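First comes the structure, then the notes that go with it.
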Amino acid sequence: MRLLVTGGAGYIGSVVAAMLVNGGHEVTVLDDLSTGHDDAIPPGARLVKGFVADAGAVLGEHAYDAVMHFAAKSLVAESVEHPDRYWHGNVGGTLALLDAMRAHDVPRLIFSSTAATYGEPAGVPIEETAPAAPTNPYGASKLAVDLAITGYARAYGVAAVSLRYFNVAGALFGADGRGYGERHAVETHLIPIALQVAAGTKTALDIYGTDYPTPDGTCVRDYLHVADLADAHLRAMQVATPGAHRIVNLGSGAGHSVREVADAVGRVTGHALPINEMGRRQGDPAVLVASNVLAATELGWRPTSDLDAMIADAWKFAQQAAS
């Protein structure tokens, strides 16, 4: 199959692109490299530097079988400070992509959605039927895209699947040892921050809130290995149905607290982490855990890697990137 991967120079996009190439697919990556890295493009994939809003020029070159859409702005704090960037970039860019797909008869779309569409849910594990109530412009922009995709699928026959992720970690390594992993200019994710502490480039791990109604008082989140996540995208491409838009959560169905993650990082790396206990951050729910029942029934998918495996692969990639 011939596929366009938008945002394929970023963390998750590059892992999916690598798995697609390894599976024998013809892959073109469209990325403006504002947050991605050109050296993250897997050998065998073609890079087109450009904005997702300009996807029509790429889709007009050949007959494409599907689009994997990862290109987006994804920093919650930035979205609050600059919501225009998220409405124009995430929503406006995707609308342009959908119109380009219509113009060039591209039949399938797999969209990188987010658990942020749910906001602060009333209960866990979170099912796809939970009310969508995002608490920031980032989550709202992703929800708006999901709603647009539903309309395009019904009206124009697009076969679409939105995958709503929770917390993603780990890295993918090719047969040649090349790694595809997480490296952000502004790092906001717990595991890579904890690994910075383990590596000695950050002095201590800040834990925000130690009095939550959880077993150890710290927030609980659902973590998923990026290779398991990528596998779900490939499966979604196979089950996408013309005229239908499936929305599927991706998570482990269980959770780990911040302290458990810190302990696991210390265990895997051999470096115990100094901890700074801080007050709660506004808007942090105590527990966010996904139901993955629908992913199992709709995609035939289940996660295969545990927390230690995610951390071990992330640590290996961080060391590789630093060398």
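The values are calculated or read from the model by the stated rules, or taken from the named source; none is laboratory data. Values in this document were obtained by computation on a predicted structure and should not be read as measured data. Note that we place each Cβ from the backbone using ideal geometry, even for glycine, and neighbour counts take in every protein chain shown. To get the accessible areas, we keep the full protein, side chains included, count just its heavy atoms, and leave off ligands, DNA and RNA. Shrake-Rupley method; radii C 1.70, N 1.55, O 1.52, S 1.80 Å.
Once the convex hull of the C-alpha atoms of the stretch 195-240 is built, how many Å³ does it hold per residue, rounded to a whole number?
138
How are the C-alpha pair distances of the stretch 121-179 spread across 5 Å bins, as whole percents from the shortest bin up?
4, 13, 17, 18, 15, 12, 10, 9, 4, 0
Out of residues 5 or more away from Ile275 or on other chains, whose amide H comes under 5 Å of its own, with H placed 1.01 Å from N in the peptide plane?
Residues meeting the amide H criterion: Leu205.
Could you state the angle between the C-alpha long axis of helix 137-156 and the longest principal axis of the C-alpha atoms of the chain, as a value from 0 to 90 degrees rounded to the nearest 10?
Approximately 30 degrees, to the nearest ten.
So with the 1.4 Å probe, I'd like the accessible area per residue for the chain, rounded to whole Å².
43
Please compute the net charge surrounding Thr214, taking Lys and Arg as +1 and Asp and Glu as -1 over other residues with Cβ under 11 Å from its Cβ.
-1
How many times 2.2 N^0.38 Å is the alpha carbon radius of gyration of the stretch 35-80?
Rg over 2.2 N^0.38 Å, computed on Cα atoms: 1.41.
If you take the Cα atoms of the stretch 94-193, find Rg, then find the Kirkwood Rh from the mean of 1/r over all pairs, what is Rg/Rh?
Rounded to two decimals, Rg over Rh is 1.04.
May I have the extent of the alpha carbons of the stretch 101-155 along their three principal axes, as whole Å values ordered from largest to smallest?
Its Cα atoms span 41, 21, 17 Å along the three principal axes.
For the stretch 4-55, just list the percent of Cα-Cα distances falling in each 5 Å bin from zero outward, please.
5, 27, 37, 21, 9, 1
What area, in nm² and to one decimal, does the C-alpha convex hull of the stretch 146-289 cast on average over all directions?
Quarter of the Cα hull surface area: 11.3 nm².
Scan around Lys73 for amide H atoms under 5 Å from its own, H built in the peptide plane at 1.01 Å from N, and keep only partners 5 or more places away or cross-chain.
Amide H to amide H, under 5 Å and 5 or more residues apart or across chains, Lys73 pairs with Asn90.
Take every Cα-Cα pair in the stretch 200-276 and report what % of them are more than 16 Å apart.
65
Could you please state how large a percent of the accessible area of the chain is carbon and sulfur, counting protein chains only and using a 1.4 Å probe?
In the chain, the share of accessible area belonging to carbon and sulfur is 51 percent.
If one computes the Cα centroid of the stretch 174-236 and of the stretch 10-78, what distance in Å separates the two points?
22
Over the stretch 1-136, consider all pairs of different Cα atoms and compute the Kirkwood hydrodynamic radius from their mean reciprocal separation; express it in Å, one decimal.
15.7
Restricting the calculation to Cα positions, tell me the Rg (one decimal) and the Dmax (whole number) of the stretch 281-323 in Å.
Using the Cα atoms of the stretch 281-323, the pair Rg, Dmax is 15.7, 42 Å.
Using Cα atoms only, what is the angle between the long axis of helix 190-199 and the major principal axis of the chain, expressed in degrees (0 to 90) to the nearest 10?
Around 60 degrees separate the two axes.
Give me, ordered by chain and number, the residues 5 or more places off Lys202 or on other chains with an amide H under 5 Å from its own placed amide H.
Val197
For a quick size check, give me the Cα extents of the chain along its three principal axes, largest first, whole Å.
54, 45, 38
Rounded to the nearest 10 degrees, what's the angle between the helix 11-22 long axis and the longest principal axis of the chain, both from Cα atoms, 0 to 90?
Compared with the principal axis, the helix lies near 60 degrees.
Given the stretch 89-132, report the % of alpha carbon pairs whose separation exceeds 12 Å.
69
Please report the orientation-averaged projected area of the stretch 235-323, defined via the convex hull of its C-alpha atoms, in nm².
9.0
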